[in-house]
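To start, the structure itself, in structure tokens.
The values are calculated or read from the model by the stated rules, or taken from the named source; none is laboratory data. Every value quoted in this text rests on a predicted model; they were computed, and no experiment measured them. In this analysis, Cβ positions are derived from the backbone assuming ideal geometry, glycine residues included, and neighbour counts consider all displayed protein chains.
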Amino acid sequence: MDMFYEDINDAAKDGEIPTAYSQDDEFDEEFQEELEKQYKQQQQQQEIKIPNDVKKFILNFHKILVEHTFHDLTSIYEYYYNKLTEQYYKNQPWPDAEVIAPLVNNDALFLILYKELYYRHIYAKLNPTITHRFNSYLNYCDLFNYILAPEKPVDLELPNQWLWDIIDEFIYQFQSFCQYRSKVKSKNEIELKSLRERPDIWNVHNVLNVLYSLIQKSNINEQLLVNKNGGDMMEAAGEFGSKQLYKMLGYFSIIGLLRVHCLLGDYSLALKMMENIELHNRNIFLRVSACHVTTYYYVGFAYMMMRRYSDAIKVFTSILHFINRTRNYKSLSYQYEATNKKSEQMYALLAMCITLCPTGIDEETHSNMIEKYGEQLSKLQKGELKVFEELFTYACPKFINPAVPNYDVMENTQMKPTLHQCKIFVEEINNQYLVPTIRSYLKLYKTLDIQKLGEFLDYDSIEKCKNQLILFKHKTCQRKWESGDLMSGEYTQTTDIDFYLKQDMIHIKDSKNVNRVSDLYIRQINKLEDMITNIKK
């Protein structure tokens, strides 16, 4: 594995992307004819008629890009583009790039950026064809070649939101393509032939290479390390990293690699990507809410799969509190639906983590979780594996197999990676499903005869009971993050009770102090008195 990443970095030293990214390669003639046929149909449908509002938008967009008016570009991207999409292109694609090219004097850079939005809209609102998938990939190749290939930084500045969306969409389309090509049963002969002839399209090595190249070009890891040690990031930025475009693309590529490695099921490597990012301090990802939510979702999920439930709970409650606090301000955002879905998924993951590692969380998050998953939570606590499976399948990422499938076998395999990860998770649950039950019994006593516990558990052997107590000790001992990078942490008991066995008697004690309700009332009374005093003044 290490050799593979060294090879990627060696290939990326000069900002070069593999020849698989070249758009000069000719498609198969039959496939080329199919492309031309579809393109002519699109042109006929559009009748090369563009609404005046859209024409003005494109002309203004081009002018702003050429004149480098950054503030106007932000409003164009975040507001006017979405407004016109809702008005004219809610259920159809934007005009083809070749149709609008004369309006912008065939400006190559503008057309690349326009096509990035064009294909993203198709993925979001419509059903992309194999032509769209291929051409979108080739357009990303052109975009990243434009940014990475030159020896000097390019003169381009884009809003942080757009830069994040480029990386986010690039990974999403890679993920979507991996699942698409795994549905071999539903493909016709032309599609299968095209997929066989172009295994380089959305190849996992090329996708990883882009992300690693952006990180290396921007020196972002070196910048973050200097910043973590109290220095100035610009000291390590270099010629490329001092430019906002490269710095932010490099930073977002770190988050992108966190996501990709989670999709591939390598959770340790996913967290290792974040070694220079201090998750619990003010960070760059706070500038883009979608990046903030994505980061916490994948970090929390990686912790959960590594059996670090306490850390996962901390991560999920932190981001859910943030989403609840900002929900009213984000309701008009085009990302509201995506953020809302991630929120629902994280509540499901949180419910499973709290079942496996009972922990006190803030009242608002707890009440929201009960409202959404109260019924499932009670079943989880009873150890119903089917409910664990259902919630996991709903809340987990859509895992992928990056290998090219065997197109000669008419079998859909897109769900196999997810089912494999679900099986691993459920096996772990099956090993410890009695832990919450044992905890509930131990909470009731100061001392408990082991034979009596065996009766509660319907065990006919004291040895079985002792084995479960040993298992309880083992499963409630987890690595817990306190400081440093996300992989670090000390092993500690995460349950709120502790016990030891003396002969056949279990001696139990609360290992955590219980918050007294009276303390809460006293604090609130003091706050109220302070407010009354201030009002009188």
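Descriptive notes on the structure:
- Some residue of the range 173-183 being surrounded by fewer than 19 Cβ atoms within 10 Å (Cβ to Cβ), touching a residue at least 12 places away in the same chain (Cβ under 8 Å) and in contact with a strand residue (DSSP E or B) (Cβ under 7 Å, 6 or more places away or on another chain): yes
- Condition broken by Cys353, with the remaining ones in (1) surrounded by fewer than 16 Cβ atoms within 10 Å (Cβ to Cβ); (2) modelled with pLDDT of 85 or more satisfied: (1)
- Index of the failed condition, Leu453 passing every other in (1) assigned by TED's automatic domain parsing to the domain that holds Cys353; (2) assigned to a helix (DSSP H, G or I); (3) touching a Cys at 6+ places or on another chain (Cβ under 9 Å): (1)
- Picking from residues in the range 381-415 that are over 16 Å from Glu427 (Cβ atoms) and among the hydroxyl-bearing types (Ser, Thr, Tyr), the one that is farthest from the chain's Cα centre (by Cα) is Tyr407.
- Pick from the range 492-507, criterion closer than 15 Å to Val435 by Cα and among the β-branched types (Val, Ile, Thr), ranking: farthest from the chain's Cα centre (by Cα): Ile497
- Residue list for the range 134-161, restricted to those being aromatic (Phe, Trp, Tyr) and surrounded by fewer than 19 Cβ atoms within 10 Å (Cβ to Cβ): Tyr146
- The set of residues in the range 359-392 that are basic (Lys, Arg) and more than 23 Å from Thr418 (Cβ to Cβ) contains only Lys382.
- Where helices (runs of 4 or more DSSP H) fall wholly inside the range 73-134, the ranges with 3 or more residues that are under 23 Å from Val154 (Cα atoms) are 108-125.
- Candidates in the range 457-500 are the residues that are part of a helix (DSSP H, G or I) and β-branched (Val, Ile, Thr); of these, the one that is surrounded by the fewest Cβ atoms within 10 Å (Cβ to Cβ) is Ile470.
- Residue match in the range 512-533 (condition: at pLDDT 80 or above, in a helix (DSSP H, G or I) and among the hydroxyl-bearing types (Ser, Thr, Tyr)): yes
- Members of the range 148-186 that are more than 26 Å from Leu65 (Cα to Cα) and more than 16 Å from the chain's Cα centre (by Cα): Phe177, Cys178, Gln179, Tyr180, Arg181, Ser182, Lys183, Val184, Lys185, Ser186
- Among residues of the range 481-501 being acidic (Asp, Glu) and in contact with a Lys or Arg (Cβ under 6 Å, 6 or more places away or on another chain), the one that is farthest from Met273 (Cα to Cα) is Asp498.
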